[in-house]
1. Please state which of the following conditions D382 fails to meet, knowing it meets all the rest: (1) touching a residue at least 40 places away in the same chain (Cβ under 8 Å); (2) surrounded by fewer than 22 Cβ atoms within 10 Å (Cβ to Cβ); (3) within 11 Å of the ligand (Cβ to nearest atom).
2. Answer yes if at least one residue in the range 215-228 is among the polar types (S, T, N, Q), surrounded by 15 or more Cβ atoms within 10 Å (Cβ to Cβ) and touching a helix residue (DSSP H, G or I) at 6+ places or on another chain (Cβ under 6 Å), and no otherwise.
3. So if I check each of K320, K287, K273, which one is charged (D, E, K, R) and surrounded by 21 or more Cβ atoms within 10 Å (Cβ to Cβ)?
4. List every residue pair whose Cβ atoms sit under 7 Å apart, with the two residues 6 or more apart in sequence or on different chains, where the first one lies in the range 134-153 and is assigned by TED's automatic domain parsing to the domain that holds R216 and closer than 16 Å to V185 by Cβ and the second, anywhere, is among the basic types (K, R) and within 14 Å of the ligand (Cβ to nearest atom).
5. Output the residues belonging to the range 330-379 that are out of contact with any helix residue (DSSP H, G or I) (no Cβ under 9 Å at 6 or more places or on another chain), within 11 Å of the ligand (Cβ to nearest atom) and either among the aromatic types (F, W, Y) or not in a helix (DSSP H, G or I) (or both).
6. Which one of the conditions (1) surrounded by fewer than 24 Cβ atoms within 10 Å (Cβ to Cβ); (2) aliphatic (A, V, I, L, M); (3) touching a Ser or Thr at 6+ places or on another chain (Cβ under 7 Å) does A126 fail to meet, given that it meets all the rest?
Amino acid sequence: MSSLVTSNTTLSSLTDEQQLILNNVREFVQTEVKPRAPQIDKTAQFPHDLFKRCAELGLTGLAIDEEYGGLGQGVLMEQLVMEEIAKECPVLALILDAHLLSYRLINHFGSKEQKKRFIPPTASGAQITAMASTEATGSTNFAEQQPMGKRDGDGIILNGTKLFTTNSDVAGFYIVQGMVDGEFVNVIVEKGTPGLETGAIDHKLGMAGSSTGTVRFKNLRVPKENILAEHSDVQDASFALCFLNISSISIGLAEGVLEKTKTYLLNRTRNHKPLAGFQVVAHHLAKMQTQIELAKSILERAAKLYDEGRPDVVLTFMTKAFACEMAVDVANLCIQLHGAAGYMEETGIARYLRDAKCNTIGEISTDIHYDYIALRMGLPIDTSFPLFG
Ligand SMILES: Cc1cc2nc3c(=O)[nH]c(=O)nc-3n(C[C@H](O)[C@H](O)[C@H](O)COP(=O)(O)OP(=O)(O)OC[C@H]3O[C@@H](n4cnc5c(N)ncnc54)[C@H](O)[C@@H]3O)c2cc1C
């Protein structure tokens, strides 16, 4: 499957430096990540050691500008790296994704001073970061969302709780989003600030090893230096870029589980013939490979448009919706094709489905992405979410 046209087209357009980065990532994934992935899933312990290795390899600052300590690589390169990691350990890619999401928000909403202060520790991986937006009323239910704070002189006093925050109890700082005096604001809350409490949820369906939990504020004062520029325009292209990383995770995940399934079916026999040679089974594999290549093509197109300075937000939304649903379907069918072995955790196939499900929900559910696409098609969609402003 390594000789597929789309994959080769992408790789042949990489510079020598990019090819070297990708080779290093592949080696890292095969020698250090792959052996740890089942254990991370079983123990649900945050992989501090692997995050540190990602930082040493420059992956915590891959697409961050060199002036802020990153490698200054493009969006496409970041997608290829996410995809490689997710083939063996989707949760490590998710942890990186949540970390980079905070960078994108500071890069988008922050002043020069805020970028200088908060982006370098993000790029170097010295601080893990998190983005806290979801509330009990729902992540996109802005009509019923309670104010999370009020202005106090030139600062803001925060009160309230954010739910399901990835990297919740390991972050050095949080980008917190919510309503303050009728405005949608983004603020930076640093670990150790009086009034901040964090906690992690012990059990979830998948993505075990990522810390997902609550971030609570009790009369927490945010100084003016930590308030990012006011913006109601969340549909900005640089913000929508976040959705590409989660798409790459889904694509890598689907590639990883399909490759394992292909190997299994080539070795498992019926009447002394490999199961992969039975036409129904072979067609299942071929169809899944086709779906993956379609997702890779749309992702590559969307990423290249960003790198060329011509971002297409609708295409980004289409990529997220398609890639994340595709990965669930692929992981589900791969369990089926393993028979009972696929149902047993020991074979390491079931975790791909548990992990895949996260991505049709996280970073705004697929339904909302289709809402946006429908709206851009001119359909009379009724919504109050700022993405549709
Ligand atoms: C593992 C994990 C990690 C996460 N990490 C973070 C994080 O780091 N930071 C953060 O802020 N959040 C995080 N989230 C939360 C995530 O972003 C939200 O769960 C997600 O956006 C869905 O919001 P909700 O759970 O409030 O669902 P709801 O908004 O209650 O929606 C429930 C269902 O109704 C559908 N629905 C809602 N509104 C509409 C509508 N108008 N039209 C049609 N259908 C609709 C949704 O698609 C969904 O299927 C994480 C979630 C998970 C599972």
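1. (1)
2. Let us first name the residues in the range 215-228 that are among the polar types (S, T, N, Q), namely 219, 226.
If we keep only those that are surrounded by 15 or more Cβ atoms within 10 Å (Cβ to Cβ) too, we end up with 226.
Imposing the further condition that a residue be touching a helix residue (DSSP H, G or I) at 6+ places or on another chain (Cβ under 6 Å) reduces the set to none.
No, every residue in the range 215-228 fails to be among the polar types (S, T, N, Q), surrounded by 15 or more Cβ atoms within 10 Å (Cβ to Cβ) and touching a helix residue (DSSP H, G or I) at 6+ places or on another chain (Cβ under 6 Å).
3. Numbers: K287 fails: surrounded by 21 or more Cβ atoms within 10 Å (Cβ to Cβ); K273 fails: surrounded by 21 or more Cβ atoms within 10 Å (Cβ to Cβ).
Result: K320 is the single residue among K320, K287, K273 that is charged (D, E, K, R) and surrounded by 21 or more Cβ atoms within 10 Å (Cβ to Cβ).
4. T134/K162; E135/K162
5. Selection gives S365 alone.
6. It is condition (3) that A126 fails.
Residues checked against (1) outside the structural domain of T316 (by TED's automatic domain parsing); (2) in a helix (DSSP H, G or I); (3) modelled with pLDDT of 95 or more; (4) not aromatic (F, W, Y):
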residue: H203; (1), (2), (3), (4): yes, no, no, yes
residue: V215; (1), (2), (3), (4): yes, no, yes, yes
residue: N219; (1), (2), (3), (4): yes, no, yes, yes
residue: S248; (1), (2), (3), (4): no, yes, yes, yes
residue: E259; (1), (2), (3), (4): no, yes, yes, yes
residue: V280; (1), (2), (3), (4): no, yes, yes, yes
residue: L285; (1), (2), (3), (4): no, yes, yes, yes
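Results for (1) closer than 28 Å to P90 by Cβ; (2) within 13 Å of the ligand (Cβ to nearest atom); (3) assigned to a loop (DSSP other than H, G, I, E, B); (4) of a type outside the set (A, V, I, L, M, F, W, C), shown as yes or no for each residue.
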site: E144; (1), (2), (3), (4): no, yes, yes, yes
site: P147; (1), (2), (3), (4): no, no, yes, yes
site: L158; (1), (2), (3), (4): no, no, no, no
site: D169; (1), (2), (3), (4): yes, yes, yes, yes
site: V176; (1), (2), (3), (4): yes, yes, no, no
site: V185; (1), (2), (3), (4): no, no, no, no
site: T198; (1), (2), (3), (4): yes, yes, no, yes
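The values are calculated or read from the model by the stated rules, or taken from the named source; none is laboratory data. A quick note: this is a predicted structure, and the numbers were derived from the prediction, not measured. Glycine also receives a Cβ, built like all others from the backbone with ideal geometry; neighbour counts cover every protein chain displayed.
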